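Engineer: So that we are looking at the same thing, I have put the structure below in structure tokens.
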Amino acid sequence: MNSSVIVSPARTFKALSPEDLRRCAPSVFAEHARPGVSSRYTFVSTAQVVALLGAEGWKPVKASEQRVRLEDRIGFQMHEIRFARRVDLEAGEFQVGSTRAEMVLQNAHDGSRAYRIDAGLYRLVCRNGLTVSDADFAHVSIRHVDVSAEAFAQAAQAVAQNTPRALETVAKWQGVQLSQATRVEFARRAAALRWDADQPVTKLLSPEKLLTPVRYGDAATDLWTTFNVIQEHLVRGGDRYLAYTDGMGIRRNRTRPVASLTEGQRINKALWTLAGEFVSN
């Protein structure tokens, strides 16, 4: 059985060293597949993929892995690495104000996940790791039976070709001003991406709560800022709300952070798609 808790990830403004990667996600360095996987499974350690992407100019900047309870899965579980372009790290500057392009790699050595590479964005001011929607930007999935250095080089090139479009979208969203009513509607629909309609939090956590700036500088009402504020509330949790319990009065609750790697990526992508619907509002 899997727990949805992620091992504490690291986020730096420099490339992670092999020691950093090993500390944050030991499964990256698996030397063989989990015993019992299909005979058609072609094992390629994620550490080798890190080297291949490094040769294409992408350096790891964050790593995490899914925590598992079954001992025979430890060291083979799903993990995620975010990469930044070497030129961006060396320059020490971020495009479109405070946003840089990233690449997101997910993999597992237990047969549960193919290699998957997505385009991503990183917002410096709040250290949000965003994954852009498949509907707008290409993702590449590489089956373990098809693993090769050429496949990863092509995947890196495909994502790199899409990053200028992602940054253009950011610039466009920064120029879209939203009315308060529209922002509330955005937050209401965004909450539905995280919680089902029958969950108490859906009725008890107001949309306005999701629009509350977490830090100074996020009070702007443009679409990009609104998107980031809502994303941080949904993913990081920590919002208090009052719940009414039968016969027990009022109880104070707090939203939980999204701990699953898969769920976090799903919410990020869905929220990106939703934000695109508000461009013309």
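Engineer: Between the alpha-carbon centers of the stretch 170-192 and the stretch 15-55, tell me the distance in whole angstrom.
Structural biologist: Their Cα centres are 39 Å away from one another.
Engineer: How much length is gained on full extension from THR182 to SER141, taking 0.36 nm per residue of separation minus their Cα-Cα distance?
Structural biologist: Extending this stretch completely gives an extra 11.2 nm.
Engineer: At a probe size of 1.4 Å, how large is the accessible area of ARG236, to the nearest 10 Å²?
Structural biologist: Answer for ARG236: close to 110 Å² accessible.
Engineer: Could you sort LEU52, LEU205 by accessible area so the largest value comes first, with the probe set to 1.4 Å?
Structural biologist: LEU52, LEU205
Engineer: Expressed in nm to one decimal, what extension gain is obtained for the pair GLU277 and THR42 from 0.36 nm per residue of sequence separation less their Cα-Cα distance?
Structural biologist: Length gained, GLU277 through THR42: 80.5 nm.
The values are calculated or read from the model by the stated rules, or taken from the named source; none is laboratory data. Predicted model only: the values in this text are computed from it and were never measured. Note: areas computed on protein heavy atoms with side chains; ligands, DNA, RNA excluded. Shrake-Rupley method; radii C 1.70, N 1.55, O 1.52, S 1.80 Å.
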